[in-house]
1. Given the residues ILE162, ILE174, which is the only one that is surrounded by 17 or more Cβ atoms within 10 Å (Cβ to Cβ), within 15 Å of the chain's Cα centre (by Cα), aliphatic (A, V, I, L, M) and in the same structural domain as ILE281 (by TED's automatic domain parsing)?
2. Among the residues of the range 134-152, count how many are in contact with a Lys or Arg (Cβ under 8 Å, 6 or more places away or on another chain), crowded, with 19+ Cβ neighbours inside 10 Å and either not in a strand (DSSP E or B) or not assigned by TED's automatic domain parsing to the domain that holds VAL107 (or both).
3. Residue check: is GLY177 at pLDDT 95 or above, assigned to a loop (DSSP other than H, G, I, E, B) and not acidic (Asp, Glu)?
4. Take the range 295-320 and flag every residue that is of a type in the set (D, E, K, R), surrounded by fewer than 10 Cβ atoms within 10 Å (Cβ to Cβ) and either over 28 Å from ASN266 (Cβ atoms) or touching a Ser or Thr at 6+ places or on another chain (Cβ under 6 Å) (or both).
5. Report yes if some residue within the range 249-260 is in the same structural domain as ALA274 (by TED's automatic domain parsing), over 20 Å from LYS295 (Cα atoms), of a type in the set (A, V, I, L, M, F, W, C) and in a strand (DSSP E or B); otherwise report no.
6. Can you pull out every residue in the range 211-242 that is touching a residue at least 24 places away in the same chain (Cβ under 8 Å), within 19 Å of PHE187 (Cβ to Cβ) and outside any strand (DSSP E or B)?
7. In the same structural domain as VAL209 (by TED's automatic domain parsing), assigned to a loop (DSSP other than H, G, I, E, B) and over 15 Å from the mean Cα position of the chain (by Cα), is that true of LYS295?
Amino acid sequence: MNKTNINLLALAEYLDAELVGNADHIISGIADLQCASASELSFINQESYLQYLPESATGAVILNADFADKYAGNKLIVANTYLAYAKVSALFESLSLLPAGIHPSAVVAASADIDPSASIGANCVVGENARIGSGVRLYSGVSIGDRTSIDDNTLIHPNVVIYHGVSLGKSCIIHSGTVIGSDGFGFAPSRDGWKKIHQLGAVVVGDNVEIGSNCSIDRGALGNTVIHDGVIIDNLVHIAHNVKIGKRSAIAGCVGIAGSANIGENCTVAGAVAINGHISIADNSHFHGGTIVTKGNTEAGVFASTPPMQDVKKWRRNSVRYTQLDDMANRIKQLEKQLKALLPAE
């Protein structure tokens, strides 16, 4: 259980914030305005939340200068409230720390290179010639394949499977149930059925990458699947073989990216987007939820393809009309020709 206690003066210094109020007031956690106690900190980054201030029992509020005069209690005034909240959340992280060393139930190959400061939890398996860097934490049931490299300070939650030959950078976080380095979907048709194409590449993950739970990232067929520095990936995402994702891009839940797609830097891909294979997406491209991306783009922009929600009766009528569009277009062309024939010549 988290036992962090910190006064507002120390929090203000940590956040480089302007403190208004009692510098000695102790904060022991974070909560939203509606349920925060006097020992907890809250934040406001949208005007709609101001309505909760009068009744809130919070010990202090993080807010920006535009909202500062709306609250008379203890406050930390910052330029970016959401970023300040993110920084403060690190102080109250409640995940239990693993002790350095190898748990007696872990199975570690004699040829594996394990830094003495790394933590190998219960029932983990580390394969031949694997390398585990300093400060790495493998929670229970993690499986690390042969010749895989995990760089410094990376955290891997329980029951993650990382296949052979994979490379993870520094300070990554991999959540439970994710599989990295499984075979890409490669098969050649023959008279006798599908012939497997063995996937000979690997997966290379950069520094400061976070991958959610139950994701699947396939190894490359020949070259590597590459996830560059600073990428964040939500739960239930499938990344197929030889995909490249550029620095600092964000992929939301239930996205599927087909093989050899190349996603640029600083892109955002909202939930349930489907991206076709063998296409390139320009840097700073942004896709709304449910978009079906069938072709690439060369310039940055915001893209969407799914219709907005509508009443089901209206949706049924529109669905029928959609199937009639080709016929309607041909009829309009015929009417235009007939109308042109009736008009006097210029």
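The values are calculated or read from the model by the stated rules, or taken from the named source; none is laboratory data. Just so it is clear, the structure is predicted and the values come from calculations on it, not from any experiment. Note: ideal-geometry Cβ built from the backbone for every residue, glycine included; neighbour counts use all protein chains shown.
1. The match here is ILE174.
2. Number satisfying all stated conditions: 2.
3. Against the criterion (at pLDDT 95 or above, assigned to a loop (DSSP other than H, G, I, E, B) and not acidic (Asp, Glu)), GLY177 qualifies.
4. The answer is ASP311, LYS313, LYS314.
5. No, there is no match, as no residue in the range 249-260 is in the same structural domain as ALA274 (by TED's automatic domain parsing), over 20 Å from LYS295 (Cα atoms), of a type in the set (A, V, I, L, M, F, W, C) and in a strand (DSSP E or B).
6. ARG219, GLY220, ALA221, ALA240, HIS241, ASN242
7. Details: in the same structural domain as VAL209 (by TED's automatic domain parsing): yes; assigned to a loop (DSSP other than H, G, I, E, B): yes; over 15 Å from the mean Cα position of the chain (by Cα): yes.
When the stated conditions are applied, LYS295 passes them.
Okay, residues lined up against (1) under 30 Å from ARG248 (Cβ atoms); (2) touching a strand residue (DSSP E or B) at 6+ places or on another chain (Cβ under 8 Å); (3) of a type in the set (A, V, I, L, M); (4) at pLDDT 90 or above:
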{"site": "HIS288", "(1), (2), (3), (4)": "yes, yes, no, yes"}
{"site": "GLY301", "(1), (2), (3), (4)": "yes, yes, no, yes"}
{"site": "SER305", "(1), (2), (3), (4)": "yes, yes, no, yes"}
{"site": "MET328", "(1), (2), (3), (4)": "no, no, yes, yes"}
{"site": "LYS340", "(1), (2), (3), (4)": "no, no, no, no"}
